[in-house]
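Below: one structure, written as structure tokens.
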Ligand code: HEM
């Protein structure tokens, strides 16, 4: 290792390996019957917690870049790089499940009972990541009647709940979108051009459904009903009052301005000015998706290990985790944007003057 000042940095000391490698204490050994696989179980969990620490480090750095009222383009790019690193870490954490699955259910049973009532459910860093991203209590599926934080030690509960009510990455991104100048079209009526394109697309779909000879009259009616619902959703996005009604019912989370800005970034992502904002929105969707993938993989591993047994933390085990995987998401609005995308060929062409006003600073 390099020489800093007079002190020779020594690899083993720099990484504090004495401490790091001395903190694997097997409960089965303490009970006098060492279960070989408990070492793997501890090391995999510890590796997760180390990665969670790095994820929090990157999340905080990305969030800080959005704290100012004026976010320079280079800062958006820097935030994207922090978030892309999180995506790569998530991929590793998903793969790590394969290593743990080399432990068979019978091997797990050799030490499982020593762990009760501890559970990954009590991972403080995992909850901090969720909360810093922007998961609200109402976005969570609880097990039993108590809040997720009720199973944490008092000092941990305090930290996690403090973050729960502080400004999250979701809040920061929604505010930033809300402030973007992408919606300033001067005299150009973008939304009526967009509505025209949408109507044309949906009319075309209606014709295709009505003329589909493989469908029964009932099936045609059902599909046309579905199309009518889609049409209403499009109307809601172009009409703020309708959108706000849906938002009040919990269908959307960000403001109408923020949502339509996200839609425009997606529609006009080929404009050079929107490349970086588009990458930002994509990477947030990647993070949410990777979280879900991890949850599904973890739930399947739990099914394999426990079958229908309950978890050491007291939940219904696989059944609870599978439902959480379907349910808990943060950037739902950004997934929903896809509903309102139309084919490239139908996207209204922006007048030259409008494109020119898309400045290089997002204030
Ligand atoms: C043999 C391996 C594992 C089994 C059988 C298992 C089992 C479970 C069960 C049953 C739950 C639900 C709560 C409960 O009743 O305990 C849970 C939750 C959880 N586990 Fe695991 N787990 C395993 C490995 C891991 C690993 C390696 C991690 C990585 C940190 C982890 C992190 C979590 C987290 C974060 C939750 C809370 C999920 C949520 O509520 O959204 N688990 N686990």
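The values are calculated or read from the model by the stated rules, or taken from the named source; none is laboratory data. Because the structure is predicted, anything quoted here is derived from the model rather than measured. No Cβ is skipped: glycine too gets one built from the backbone with ideal geometry, and neighbour counts run over all protein chains shown.
Observations on the model:
- Looking at 162, 138, just one residue is on the phi < 0 side of the Ramachandran plot and at pLDDT 95 or above, and that residue is 162.
Here is a yes/no grid of residues against (1) under 14 Å from the mean Cα position of the chain (by Cα); (2) crowded, with 17+ Cβ neighbours inside 10 Å; (3) at pLDDT 90 or above:
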position	(1), (2), (3)
255	no, yes, yes
305	no, yes, yes
330	yes, yes, yes
346	no, no, no
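- Scanning the range 105-116 for residues that are touching a residue at least 60 places away in the same chain (Cβ under 8 Å) and either more than 8 Å from the ligand (Cβ to nearest atom) or more than 26 Å from residue 32 (Cβ to Cβ) (or both) yields a count of 7.
- The set of residues in the range 40-66 that are more than 14 Å from the ligand (Cβ to nearest atom), touching a residue at least 60 places away in the same chain (Cβ under 8 Å) and touching a helix residue (DSSP H, G or I) at 6+ places or on another chain (Cβ under 7 Å) comprises 59, 62, 63, 66.
- Residues located in the range 306-332, provided they are free of Cβ contacts under 8 Å to residues at least 60 places away in the same chain and near the ligand (Cβ under 10 Å from one of its atoms): 309, 310, 317, 318, 319, 321, 325
- Residue match in the range 319-328 (condition: closer than 15 Å to residue 121 by Cβ and not in a helix (DSSP H, G or I)): yes
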